[in-house]
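*Asks:* Got a structure for you, written out below as structure tokens; questions coming shortly.
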Amino acid sequence: MTGDTLVARAGAAAATASRTIRLSGHRLRVGAIALLAAVAYAVLGLVKLASFKASTFDLVIMDQTVRNYAAFRPPHVPVLGMFHGRGMDYLQLADHFSPVYALLAPFYWIHDGPETLIVAQAVLFAAAIPFLWRYTRRVLGVAPAYLVSAAYALSWPVSQAVAFDVHEVMFVPLLTAIMIERYHAGRMLPAFLAMVGLLLVKEDMGLMVAGFGLCLIVMGERWRGALCAVFGIGAMLLVRGLVTSVFGGNARDFWAYGHLGSDLPGAALGIMRDPLAALLLPFSDEAKVDTLFLLAWPTLMLCLLSPLSLAALPHVLERLLSDRVQWWQADFQYSAFTVVILFCAGVDGLARLLRWYERSGDTALKLVWSAGVCVVALTLVPKFAFDQLYHPAFYKGDPKAAAAAEAVSKVPSGVTVEAVNAVGPALTSRATVLLWSPTPRGAPWVVADTSRWEFPFGSLNDQLAKVNELQGQGYVKVFERDGYVVLRR
């Protein structure tokens, strides 16, 4: 072996070692970003739970679901079944097709309570960061990858989702990040498995898979795209038309387009009769326009230049075409379904823009855009739920929290209790919680609030009247403080 060969091999070994060290450093830094994000998300949710700012709808729904999975029982959700008048044995799968919740059951063997769900949600949202980082690094470089990852971690859709209890959306950013990053890396199997995983999150996720198929068709992957589109639409129709009815659900429960027609064929006919009105419907309300702008603005609008945004389009249209006002707004968790897709689309949109102007190697522009994206995320923090994290008052809790805790302590373990919306999460780990509402449920214990309005009552006066009505029916008041009233039948 010649001296030149030995030198060459030594140089190659040194280069490999250097790359390994750099990669290890990146892994540590990306892992630290994800860990910090998960801690922040968990703190937000846990403080809200401890200070009685969480809600029975939807935290208790998810807690009852996962607790039953953990005990190897069907996922009955008494709180939802009784609210809809369908009994204590109502299945969560009849409401939303989310068998993915079963994956969280083993964590209930460690700690049985809603705190586990809050921490799991925090970890799942943060787990999308490494895949988003890898995708951005491959397209734009290392520095933009860190900036875009930070922008996602601070983004307003994630903020609103982690602040509003726990929802199936927790699985979607991770799965969409895997789907896009692995497909871009040429790893088709994990990308396909992520698509299948999406179909187990919620009955309408077939629309997202179909949207990704449309994206592939536009990018020239016609056969794969067509297969994804057919697969996604077929899965959605199968779940909504057959699977949910098997579990006791009704397809009409999911229909939120009565202004277009009484069912899917009727809506299609309505759109064909007046296509212009249908085209303008996503812009027919100020809240819809605000949400559309807020979805695109975190990428400085460049997501609109990428075919990847087509993967988000069906889900966005599903929201904006509906007759449910809460779906249009930015206040809830719905925008978190598409947040990773739109960030990836922004990255791809910038790369396409640079190629069009033959400046694909311009590192400065990539840094300027990614820094701008990070600045936008920071400027939006005070307008959404993450704003609470740096205000000391958030950690002091509600002045009524002590009274709420005392009211909860008066309810024995193992009983069925109708609890006011803000109190249910504190009882669900040791009692069967039903939502206190105007409709009588006949539970032996009731925890009411007569000092401030609570869902689903129409007014505070309705709550006061309900307490008086219960006392007239034989319930005895065993506790009263700061508006909280505990009644025993």
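*Asks:* Sort 293-302, 334-343 by packing, meaning the average of other beta carbons within 10 Å per residue, with the highest value first.
*Replies:* By packing density, highest mean first, the sequence is 334-343, 293-302.
*Asks:* Only four residue types carry charge here, +1 at the Cβ of Lys and Arg and -1 at the Cβ of Asp and Glu. Report the dipole size of the range 30-97 about the Cα centre in Debye, rounded to the nearest 20.
*Replies:* Rounded to the nearest 20 debye, it is 120 debye.
*Asks:* May I have the extent of the alpha carbons of the chain along their three principal axes, as whole Å values ordered from largest to smallest?
*Replies:* 97, 58, 42
*Asks:* Still on this structure, please answer the following. Stretched out fully, how many nm does the piece from Leu227 to Asn461 gain, at 0.36 nm a residue minus the Cα gap?
*Replies:* Here the segment from Leu227 to Asn461 would lengthen by 78.7 nm.
*Asks:* 222 nm [θ] for the chain, helices only, -39500 (n - 2.57) per DSSP H run of 4+, per residue, to 500?
*Replies:* Per the formula, -18000 deg cm²/dmol.
*Asks:* Across 5 Å bins from 0, what is the distribution of all Cα-Cα pair distances for the range 270-395, in whole percents?
*Replies:* Distribution as computed: 2, 10, 16, 18, 17, 14, 10, 7, 3, 1, 0, 0 percent.
*Asks:* Taking the alpha-carbon set of the range 68-115, what are its Rg and Dmax in Å?
*Replies:* So, for the range 68-115, Rg and Dmax equal 11.3, 33 Å respectively.
*Asks:* What number does the range 48-130 give for Rg over Rh if you use C-alpha atoms and the Kirkwood radius?
*Replies:* Rg/Rh for the range 48-130 comes to 0.98.
*Asks:* Would you mind putting 399-406, 355-362, 140-147, 115-122 in packing order, based on average other-beta-carbon counts within 10 Å, highest first?
*Replies:* 115-122, 140-147, 399-406, 355-362
*Asks:* Could you tell me the relative contact order of the chain? Use alpha-carbon pairs under 8 Å, at least six residues apart, and round to a whole percent.
*Replies:* Taking the mean separation of contacting Cα pairs over the length of the chain, I get 18 percent.
*Asks:* Sorted by mean Cβ packing within 10 Å, highest first, what order do the peptides 76-82, 209-215, 238-244 take?
*Replies:* The peptides rank, most packed first, as 209-215, 76-82, 238-244.
*Asks:* When only C-alpha pairs under 8 Å and at least 6 residues apart count, what is the relative contact order of the range 179-324, in percent?
*Replies:* RCO, the range 179-324: 26 percent.
*Asks:* Then there's this: Please compute the volume of the convex hull spanned by the alpha-carbon atoms of the range 127-167 and report it per residue in Å³.
*Replies:* Dividing the Cα hull volume of the range 127-167 by its residue count gives 62 Å³.
*Asks:* With a 1.4 Å probe and all protein chains left in place, how much accessible area per residue does the range 32-143 have, in Å²?
*Replies:* I get 37 Å² per residue for this part.
*Asks:* Let me ask another. So, with a 1.4 angstrom probe, what is the percent of accessible area on the chain that is carbon and sulfur?
*Replies:* Ligands and nucleic acids excluded, carbon and sulfur give 66 percent.
*Asks:* Shifting gears a bit: Full extension from Met88 to Leu242: what is 0.36 nm times the residue separation minus their Cα-Cα distance, to one decimal in nm?
*Replies:* Residue separation times 0.36 nm, minus the Cα-Cα distance, leaves 53.2 nm.
*Asks:* Please get the size of the charge dipole for the chain, origin at its Cα centre, with Cβ charges of +1 on Lys and Arg and -1 on Asp and Glu, quoted in debye to the nearest 20.
*Replies:* Using only the charged Cβ atoms, the result is roughly 1260 debye.
*Asks:* Moving to a separate point now. Given Cα pairs under 8 Å that are at least 6 residues apart, what percent is the relative contact order of the range 235-311?
*Replies:* RCO, the range 235-311: 10 percent.
*Asks:* For the pairs Lys48/Lys202; Lys202/Lys288; Lys383/Lys410; Lys396/Lys466; Lys383/Lys466; Lys53/Lys466, flag any whose C-alpha to C-alpha distance is greater than 28 Å.
*Replies:* Lys383/Lys410; Lys396/Lys466; Lys383/Lys466
The values are calculated or read from the model by the stated rules, or taken from the named source; none is laboratory data. Please read all numbers here as calculations on a predicted model, not as lab measurements. A quick note on method: Cβ atoms are made from the backbone with ideal geometry, for glycine too, and the neighbour counts reach across all protein chains shown. Surface accessibility is based on the protein's heavy atoms, side chains included, excluding ligands, DNA and RNA. Shrake-Rupley method; radii C 1.70, N 1.55, O 1.52, S 1.80 Å.
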